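Shown next, in structure tokens, is the structure this report addresses.
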Amino acid sequence: MSTAAGRPPRHSGAPIMTSRPPRTPADKPAAYDRALGWLARREHSRSELRTKLARGGHAADEAAAALEALEAGALQSDARFAGALARSRAGQGYGPRRIVAELRSHGIADAAVRDALAEVDVDWLASARRQLQRQYGRTPARSAQERARRAAFLLRRGFDGPTVGALTRADAGSDDDSFD
């Protein structure tokens with residue numbers, strides 16, 4: 001059977017498999033190998049790997065042993081993950097509060113969060129100013145409502161109150177050169 005152009009039809013009518021058959025325990029990769037594969041692509045927190053392994057059907061004790069082995073071999077490190085994520089988010093223009101919240105959501109301990117934020121060399125005021133310019137241009141806010149909108153934008157990006165206040169106060173009594 002062929003079409004007018006001499007090509008075979010696009011669909012023969014046979015059922016198309018849309019998913020793979022379920023894995024059996026014999027062909028499921030070991031937890032260590034699976035986690036190592038994820039780590040080869042990008043850094044992961046221990047908590048994130050534990051969740052992924054559980055979703056993949058690995059027993060909790062098998063996952064824990066794999067995570068211990070990865071950490072012992074320096075292949076997985078929450079401190080390294082925290083530093084990489086903090087640098088990445090700071091480079092994307094997020095503030096310290098947003099970065100801290102994201103690190104905590106990944107199960108990173110408070111001490112590692114503090115260390116990661118301390119190693120990021122960022123002038124938060126300058127970063128917030130750049131985000132304002134990117135979003136609103138160099139035009140200063142003309143009303144209290146506009147200043148409030150800009151302050152809310154910076155707060156959503158994770159900048160702290162004093163930083164936001166300094167920029168909105170400067171914007172309140174400034175001219176067009178305020179962002180230079």
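Taken across the stretch 111-129, residues that are out of contact with any strand residue (DSSP E or B) (no Cβ under 9 Å at 6 or more places or on another chain), of a type outside the set (Gly, Ala, Ser) and closer than 24 Å to Lys52 by Cβ do occur, with at least one present. Among the residues of the stretch 81-94, write down those that are out of contact with any Lys or Arg (no Cβ under 9 Å at 6 or more places or on another chain) and farther than 14 Å from Asp110 by Cα. Within the stretch 81-94, Leu85, Arg87, Ser88, Ala90, Gly91, Gln92 qualify. Within the set Ala60, Ala109, Ala84, the sole residue that is surrounded by fewer than 18 Cβ atoms within 10 Å (Cβ to Cβ) and free of Cβ contacts under 8 Å to residues at least 12 places away in the same chain turns out to be Ala60.
Annotation note: of Ala82, Ala101, the sole residue that is in contact with a helix residue (DSSP H, G or I) (Cβ under 9 Å, 6 or more places away or on another chain) and either at pLDDT 95 or above or assigned to a helix (DSSP H, G or I) (or both) is Ala82.
Of the residues in the stretch 133-156, at least one is in a helix (DSSP H, G or I), farther than 30 Å from Thr51 by Cβ and of a type in the set (Asp, Glu).
In the stretch 36-61, of all residues being among the charged types (D, E, K, R) and outside any helix (DSSP H, G or I), the one that is farthest from Ala79 (Cα to Cα) corresponds to Arg42. Among the residues making up the stretch 26-57, those that are loosely packed, with under 15 Cβ neighbours inside 10 Å, closer than 24 Å to Arg104 by Cβ and of a type in the set (D, E, K, R) are Arg41, Arg42, Arg55. Here Leu125 fits the description: modelled with pLDDT of 95 or more, surrounded by fewer than 20 Cβ atoms within 10 Å (Cβ to Cβ), over 13 Å from the mean Cα position of the chain (by Cα) and not in a loop (DSSP other than H, G, I, E, B).
The values are calculated or read from the model by the stated rules, or taken from the named source; none is laboratory data. Since the model is a prediction, treat every value here as computed from it, not as a measurement. We place every Cβ from the backbone using ideal geometry, glycine too, and count neighbours over all the protein chains shown.
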